[in-house]
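Let me begin by presenting the structure, written as structure tokens, before commenting on it.
The values are calculated or read from the model by the stated rules, or taken from the named source; none is laboratory data. Here the structure is a predicted model, which is why all the values come from computation and not from measurement. Cβ placement follows ideal geometry from the backbone for every residue including glycine, while neighbour counts extend to all protein chains displayed.
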Amino acid sequence: MNLDDLQRKLIKAARANPLSEQVPLAFEKRIMAVLKGRQVIDEWAFWARALWRAAAPCLVIMILLAAWSFLSPTASTANAGSVSLDVAQDFENTVLAAADQEPAAESFR
Amino acid sequence: MERSDAELIAAVLKGDAESFEPLVQKYSPRVFATARRYARRESEVEDIVQEVWCKAYQKLKGYRGEAPFEHWLMRLAVRTCYDFLRAHQRRREAAFTDLSQPEKDWLEHFVTDAEGTNEEALAARQLIDRILSDLSPAARLVITLLEIEDRPVKEIAKLTGWSSTLVKVRAFRARAEMRKVLARIAKEKYL
């Protein structure tokens, strides 16, 4: 018996075998029911979605607060110069506080 | 108006799970035909197809739309069938005595008149089914894709995820394995 011939014949037989594409009735409904049953809440996805949604309101609040701090009446143009001058003077006094004390101590000797 | 695959997939990814149903309806016949190549019992076929669709739903985010959805789905189907074959691996080592009477008659006819044997006979189909079920999962998959479905090596590599070289090596081994199974069956009586 020629095994190569037999193999070729059997492969031909398999090729000639038409495969059924028949789908059981309402199979898609069954799949959808299985998928709904399998759906599990992904906690990370839930948090990621929530954080993305929260990003837009946070941005709006940040812009509003920034605008409010720039345009607030305490920083009006009349006082703006004196306020900024006071702050600069305070800063300078604080930084040079140690240097100011040393000449005073030397004069006591 | 019928929605395109891309529209349906986009809707599913946005959270509309119901849009997956038309895809299942449209492509299930192809998936069933593929699964029937690897499983005999209808309950097993249905399990395979169900698994294919569940995987498709879970991995839909990974579908980038570069190839048609059907190609992506068939890759998933072939790999699921291969997993099924590996999970249900059984090496029965059928002998001539295990064959049914029509299968024995067909073989007898082949021995006496090889050219005149009808390969479209039901017995021939049953015999090839029996031989394929005796092969290892990789051999069965590669024989099915390469010899029976007549697909090119490159396409098989894409479908299975193996390299082209591996497909060729496995095809060579699969043919040898098939000849071995045939020899075992025929040995008792004809060799």
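If you go through segment B:159-181 one residue at a time, do you hit one that is at pLDDT below 90, touching a helix residue (DSSP H, G or I) at 6+ places or on another chain (Cβ under 7 Å) and of a type in the set (Asp, Glu)?
No, segment B:159-181 has no match at all.
In segment A:55-69, is there at least one residue being under 30 Å from residue B:58 (Cα atoms), in a helix (DSSP H, G or I) and modelled with pLDDT of 90 or more?
Yes, some residue in segment A:55-69 is under 30 Å from residue B:58 (Cα atoms), in a helix (DSSP H, G or I) and modelled with pLDDT of 90 or more.
Does segment B:81-95 contain at least one residue that is surrounded by fewer than 20 Cβ atoms within 10 Å (Cβ to Cβ), of a type in the set (Gly, Ala, Ser) and either in a loop (DSSP other than H, G, I, E, B) or in contact with a helix residue (DSSP H, G or I) (Cβ under 6 Å, 6 or more places away or on another chain) (or both)?
Yes, that holds for at least one residue.
How many residues does segment B:13-27 hold that are in contact (Cβ under 8 Å) with a residue 40 or more places away in the chain and over 20 Å from residue A:26 (Cβ atoms)?
1
If only one of B:46, B:42, B:70, B:7 is modelled with pLDDT of 90 or more, within 13 Å of chain A (Cβ to nearest Cβ) and surrounded by fewer than 16 Cβ atoms within 10 Å (Cβ to Cβ), which one is it?
Every option except B:42 fails the conditions.
Considering only residues that are of a type in the set (Val, Ile, Thr) and more than 9 Å from chain A (Cβ to nearest Cβ), look in segment B:103-148 and name the one that is surrounded by the fewest Cβ atoms within 10 Å (Cβ to Cβ).
For segment B:103-148, the residue satisfying everything is B:112.
Yes or no: residue A:43 more than 8 Å from chain B (Cβ to nearest Cβ) and acidic (Asp, Glu)?
Judged against the criteria, residue A:43 is a match.
Which condition number does residue A:18 fail, the rest of (1) more than 7 Å from chain B (Cβ to nearest Cβ); (2) assigned to a helix (DSSP H, G or I) being met?
Of everything listed in (1) more than 7 Å from chain B (Cβ to nearest Cβ); (2) assigned to a helix (DSSP H, G or I), residue A:18 misses just condition (2).
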